[in-house]
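Following: one structure in structure tokens, then a few remarks.
The values are calculated or read from the model by the stated rules, or taken from the named source; none is laboratory data. Since the structure is predicted, the reported quantities are computational estimates derived from the model, not experimental observations. Here the Cβ is made from the backbone with ideal geometry for all residues, glycine too, and neighbour counts use every protein chain on show.
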């Protein structure tokens, strides 16, 4: 779909879009390999492992096919390990907000903003709180672990966020850095905006290109002319 002429709501991915992580493929794959070793599960080939991060509702069934018997225990251990790693990297300054998050304050004056992330709530809340980003967002949808079955690229999280924002899909954008973000946006019927980050390779498996490609979040401001409706007070 084309970029909406009137934008009342903008949904953002978190990791890789708002918050800088080390090379995401390497970061998450390293966590996964370590925990698979702990659980004595044979390690699949790298390309097979990479696909799981874009599997949405198939995430749990894929892990079980690999040989993970106690999924709940596995995913709790993975999340604990992930959070511990992130705390260390935040303290070291490796994980931090991208400089262009300064655009969020201006965007929030003219549109409702939401987060739709596959990052588990405890980890996403840690990042948003630590970096003082929560104030920019009207709605937070954090799908990892408990709601992994509807994680992006499934559109459910986007629909929920927009419902809670009282913004129709026809007046919304999904901004992200990955194919999961773009596919979720396309499935949800919202405009899609790919933000190119130096650390993140361009998505490989997009069947439909994003409606807009940007290099800086400040570029979104041109989609919100002063004539656009201002966000409703909550």
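Based on this model, can you work out whether residue 139 counts as over 28 Å from residue 223 (Cα atoms) and assigned by TED's automatic domain parsing to the domain that holds residue 17?
no
Quickly run through the range 99-149 and pick out the residues that are within 16 Å of the chain's Cα centre (by Cα) and surrounded by fewer than 17 Cβ atoms within 10 Å (Cβ to Cβ).
Residues satisfying the conditions are 122, 125, 126, 134, 146, 149.
Go through the range 54-70 and report how many residues are in contact with a helix residue (DSSP H, G or I) (Cβ under 6 Å, 6 or more places away or on another chain) and either modelled with pLDDT under 95 or outside any helix (DSSP H, G or I) (or both).
6
Kindly check whether there is at least one residue in the range 41-48 that is in contact (Cβ under 8 Å) with a residue 24 or more places away in the chain, outside the structural domain of residue 140 (by TED's automatic domain parsing) and surrounded by 12 or more Cβ atoms within 10 Å (Cβ to Cβ). So that I can check it myself, show each step before the final result.
Just the residues of the range 41-48 that are in contact (Cβ under 8 Å) with a residue 24 or more places away in the chain, to begin with: 41-42.
Subsequent filtering for residues that are outside the structural domain of residue 140 (by TED's automatic domain parsing) retains 41-42.
Then keep just the ones that are surrounded by 12 or more Cβ atoms within 10 Å (Cβ to Cβ); that gives 41.
Yes - at least one qualifying residue is present in the range 41-48.
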